[in-house]
Amino acid sequence: MIRDAGNRRLITVGAVSVSQLGTAGLLAGGGRPAAALAREDHLDLLVQLASADWHHKHEDVVSALGQLRSPAAVEALYHAAWWVPDYLDFDESRALAVKAIWALGGTPGVSF
């Protein structure tokens, strides 16, 4: 469960709370696959989480966005293809970027 800095309440964005995604396995480090997160009602929150620097599950977020194949996620996926979070600086294979590029390639209407 995610609470604000004063440990008083859940952090909620739109109609889906961050704790709901934690229940799905994203933020709590659970074992449920990204497919559990790939729901249209999670799209806005996933787009915001793609560039948030307070968690370490960006690859799961990008995978879920890739499964949604929504043009609304293109900007977030493009950002994820270039951005290297501090905790992934060691990863010379740039797995986050690779996942973001594959997700962009599977999104209808995207051409470069």
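Please list 3J(HN,Hα) in residue order for the range 46-59, calculated via the Karplus relation 6.51 cos²θ - 1.76 cosθ + 1.60 where θ = phi - 60°; whole Hz, with x for glycine and proline.
Those phi angles translate into 4, 4, 5, 5, 4, 10, 6, 9, 9, 9, 10, 10, 4, 5 Hz.
Using the per-residue mean of other Cβ atoms lying within 10 Å as a proxy for protection, in what order, highest first, do the peptides 87-93, 51-57, 62-68 fall?
Values: 87-93: 9.6, 51-57: 14.0, 62-68: 23.7.
Ranking the peptides 87-93, 51-57, 62-68 by packing returns 62-68, 51-57, 87-93.
How long is the gain from E92 to A52 if the chain were fully straight, where each residue apart is worth 0.36 nm and the alpha carbon distance is subtracted?
12.3 nm
Quick one: net charge of D91's neighbours, Cβ under 13 Å, K/R +1, D/E -1?
Details: positive: R94, K99; negative: E59, D86, D89, E92.
Around D91, the charge tally is -2.
What does the net charge come to around L49 if you take all other residues with beta carbon closer than 11 Å to its beta carbon, with K and R at +1 and D and E at -1? Present the calculation step by step, with values, prior to reporting the outcome.
Working: positive: K57; negative: D44, D53, D60.
Once positives and negatives cancel, what remains is -2.
Laboratory data are not the source of any read-out in this text; all were calculated from the coordinates shown. Worth saying up front: this structure is predicted, and the values here are computed from it rather than measured. Using ideal geometry, Cβ is built from the backbone for each residue, glycine included, and neighbour counts are taken over all protein chains shown.
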